[in-house]
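A.B. asks: Pasting a structure below so you can have a look.
Only the coordinates and a few stated rules stand behind these numbers; no lab work does. Values in this document were obtained by computation on a predicted structure and should not be read as measured data. Heads up, the Cβs are rebuilt from the backbone with ideal geometry, glycines too, and the neighbour counts pull from every protein chain shown.
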Amino acid sequence: MPKDIQMPVSTYGIMMAGGAYVPIDPNSKADRVEFILENCGIEILITSKTKLGIVKKVAESQKTPLTTIIGIPDDSLENLDSISWQSIESHSVEPPQTNTREDDLAYVMYTSGSTGQPKGLMHTHRSGLAYAKHSAELYEVTPDDVLGNHAPLHFDISTFEFLTGPFVGAKSVLIPEEELMFPTTLAHFIERERLTFWYSVPLALVQLLTRSDLGEVDLSSLRWILFGGEPFPPKFLSELMKKIPQARFCNVYGPAEVNQCTYYHLPQNFEDTGKPIPIGHIWSGATALIVDENDTPVPTNHVGELLISSATMMHGYWARPDLNKKAFFFEEALPEFKQRYYRTGDLLKIDEHGILHFYGRKDRQVKIRGYRLELDEVEAAFTAQLEIEEAVATILTDQEGEKEIVLAIILQESQTFETRKSLEIARSSLPHYGLPSRIEVLQDFPRTPTGKPDRIAIASKLQEKSSTASA
């Protein structure tokens, strides 16, 4: 369903009734919706009459276990019960009596995964409540705060507005889709609603900075700006902090499987030094291990995979015992007692000051011409350049079967690009084997349902261009 008041009504109503909610991207195509409904065994779909067309298409499928659709006109479907919102409003508002326990399922959130195949993350009332408590404590959220819900419900960072805000009695404001389309309109929305908290992926903040005039709006109400999901180019972050000097900024890190697990509060006098932003410290209620390929802890200042044990951790993947077997590591902390850790797949190191630094994905570490390389490092070397807004590096195979690095970039508005000059700048921070053999300028990237660059689709697009050029 789209963002409207019926969304939180549905979300809290499901949990109060003892059920589990499964948010589905309202912009998904029918085949993805069908997959989630079938995979998760969903019998009741809550939606909006604006989605009647796709709902009818899905309802006609014989694959799904659907029995009831809530939110469209009564009796509008032949084979399923359909109940309108008007009918729902005539029912009692008294919450039903349930025996919900902390380890019961609260919600299942589907992510695309590295292969594009959706996988469901199971979070319990325990993990949801733990996140609400820890985040409220870390950012000192109060009943006087106003949280802006930028992320869609199917994106994990929406739990800050849907769980943390209500937990302390704060106000959460749903930001309508039409307000999100234009950065200038969005800036005026923040001013009008007097938001005190903002939480989004960096791209939304970069566009707010570069495509609107922040000098024309009053953003003095903002006291915290949280960002996560991907690295924030320091050049933009430094400029944004100067535009909103009273706000505190925090780099939030944590896979959707554990929600959040680290934080880095940026110093007020932060300046761009060209180095990536640290992910900071493990937050209260979580413990971490940084291990090598043999699951042996690595020394300080050595890169390894981050393993997290946290009260906010998911129960596991829905109907995927194969993934669950790979996802968790058990450490025998005491005789007869094993502590469960989630394998993040992220490469980090902890420095001599106890601060964590992100070095990319384990599955994005590639070998090219005999050298090991992090594709995230390649991207960082180019996003540090003023004219580049976003960059995605991928490995393709050329006509001779050799691997090559190809980079796709999006330029800032009204900026020109010189490939030779850009490569020369990148040479100062990348080894020779890390320089891309080709750079493609795109107007925009294909994106995942959560707004991140769809690396699989981008690689496919670049491979197609290579094949066309060769032909």
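A.B. asks: So how compact is the range 369-470: Cα radius of gyration and Dmax in angstrom?
C.D. replies: Rg then Dmax for the range 369-470, in Å: 13.3, 39.
A.B. asks: Moving on. Counting residues in the chain as N, plug N into 2.2 N^0.38 Å and put the Cα Rg over that result.
C.D. replies: 1.02
A.B. asks: What FRET efficiency comes out for Lys325 versus Ala17 if R0 is 30 angstrom and r is the Cβ-Cβ distance? Round to the nearest 0.05.
C.D. replies: The calculated FRET efficiency here is 0.35.
A.B. asks: On to the next question. Report the label-to-label distance for Thr100 and Tyr371 in nanometres (one decimal), using points 7 Å from each Cα along the Cα→Cβ vector.
C.D. replies: 5.4
A.B. asks: Can you give the Rg and Dmax of the range 101-265 based on its C-alpha atoms, in angstrom?
C.D. replies: Rg, Dmax (Cα atoms, Å): 15.8, 50.
A.B. asks: Have a look at the DSSP beta bridges in the chain and tell me what percent are antiparallel, nearest 5.
C.D. replies: About 65 percent, rounded to the nearest 5.
A.B. asks: Reachable aspartates and glutamates from Lys326, Cα under 18 Å, same-chain residues fewer than 8 places away excluded?
C.D. replies: Glu257, Asp292, Glu293, Asp295, Glu305, Asp346, Asp363
A.B. asks: Counting Lys +1, Arg +1, Asp -1, Glu -1, what net charge surrounds Arg192 among other residues with beta carbon under 11 Å of its beta carbon?
C.D. replies: Computed value for this residue: -3.
A.B. asks: What is the Cα centroid distance between the range 34-59 and the range 263-336, reported in whole angstrom?
C.D. replies: What the calculation gives is 36 Å, centre to centre.
A.B. asks: Still on this structure, I have one more. If the cut-off is 21 Å between C-alpha atoms, which lysines fall inside it for Lys133, apart from same-chain ones fewer than 8 positions away?
C.D. replies: Those lysines meeting the cut-off are Lys171.
A.B. asks: Okay, next question. Using helices alone, I'd like the mean residue ellipticity at 222 nm for the chain: each DSSP H run of four-plus residues gives -39500 (n - 2.57), total over residue count, nearest 500.
C.D. replies: -7500 deg cm²/dmol
A.B. asks: Kirkwood Rh over Cα pairs of the range 223-336 into Stokes-Einstein at 25 °C, 0.890 mPa s: D in µm²/s?
C.D. replies: 150
A.B. asks: What does the charge dipole of the chain about its Cα centre add up to, to the nearest 20 debye, if the Cβ of each Lys and Arg holds +1 and the Cβ of each Asp and Glu holds -1?
C.D. replies: So the dipole magnitude of the chain works out to roughly 620 debye.
A.B. asks: Any chance you could give the angle, 0 to 90 degrees and rounded to 10, that helix 183-193 forms with the longest Cα principal axis of the chain?
C.D. replies: 50
A.B. asks: Something else about it: Taking every DSSP beta bridge that has both residues in the range 369-470, what percent is antiparallel when rounded to the nearest 5?
C.D. replies: Rounded to the nearest five, the antiparallel share is 70 percent.
A.B. asks: Within the range 1-32, whose backbone N sits under 14 Å from a point 7 Å along Cα→Cβ of Lys57?
C.D. replies: Backbone N within reach: 26-32.
A.B. asks: Using label points projected 7 Å from each Cα along Cα→Cβ, tell me how many nm separate Arg361 and Leu386, to one decimal.
C.D. replies: Here the answer is 3.2 nm between the modelled labels.
A.B. asks: Obtain the nm distance between the two label points defined at Val298 and Ser414 by a simple spin-label model: each point lies 7 Å from its Cα along the Cα-to-C-beta direction.
C.D. replies: 4.4
A.B. asks: Just rank His150, His315, fewest to most, by other beta-carbon atoms within 10 angstrom.
C.D. replies: Neighbour counts put them in this order, fewest first: His315, His150.
A.B. asks: For the pair His265 and His353, what calculated FRET efficiency results from E = 1/(1 + (r/R0)^6), where r is the Cβ-Cβ distance and R0 = 22 Å, to the nearest 0.05?
C.D. replies: Once rounded, the FRET efficiency stands at 0.95.
A.B. asks: Sum up the charges of everything whose Cβ sits under 14 Å from the Cβ of Val22, counting Lys and Arg as +1 and Asp and Glu as -1, but leave Val22 out.
C.D. replies: That works out to -3.
A.B. asks: Helix 234-243: angle to the longest alpha-carbon principal axis of the chain, degrees 0 to 90, nearest 10?
C.D. replies: 60
A.B. asks: Next up: Assuming 0.692 mPa s and 37 °C, estimate D for the range 139-184 with Stokes-Einstein, Rh taken as the Kirkwood radius over Cα pairs, in µm²/s.
C.D. replies: After rounding, the answer is 295 µm²/s.
A.B. asks: Could you calculate the contour length gain from Thr50 to Ser284, that is, 0.36 nm times the residue separation minus the distance between their Cα atoms, to one decimal place in nm?
C.D. replies: 80.0 nm
A.B. asks: I want the antiparallel fraction of DSSP beta bridges within the range 101-265, as a percent rounded to 5.
C.D. replies: 40
A.B. asks: Just to confirm the number: angle between the C-alpha axis of helix 455-470 and the first principal axis of the chain, 0 to 90 degrees, nearest 10?
C.D. replies: Its long axis makes an angle of about 50 degrees.
A.B. asks: With θ set to phi - 60° and the Karplus curve 6.51 cos²θ - 1.76 cosθ + 1.60, what are the ³J(HN,Hα) couplings of the range 43-52 in order, to the nearest whole Hz, using x for Gly and Pro?
C.D. replies: After applying 6.51 cos²θ - 1.76 cosθ + 1.60, I find 9, 10, 10, 9, 8, 9, 5, 5, 9, 4 Hz.
A.B. asks: Per residue of the range 278-284, what does 6.51 cos²θ - 1.76 cosθ + 1.60 with θ = phi - 60° give for ³J(HN,Hα)? Whole Hz please, x for Gly and Pro, Karplus curve as stated.
C.D. replies: x, 9, x, 10, 5, 7, 4
A.B. asks: Something else about it: Give the order of Trp224, Trp85, Trp318 when sorted by the count of other beta carbons within 10 angstrom, beginning with the fewest.
C.D. replies: The most exposed by this proxy come first: Trp85, Trp224, Trp318.
A.B. asks: Note down the relative contact order for the range 369-470 as a percent, whole number, built from C-alpha pairs under 8 angstrom at least six residues apart.
C.D. replies: This gives 26 percent for the range 369-470.
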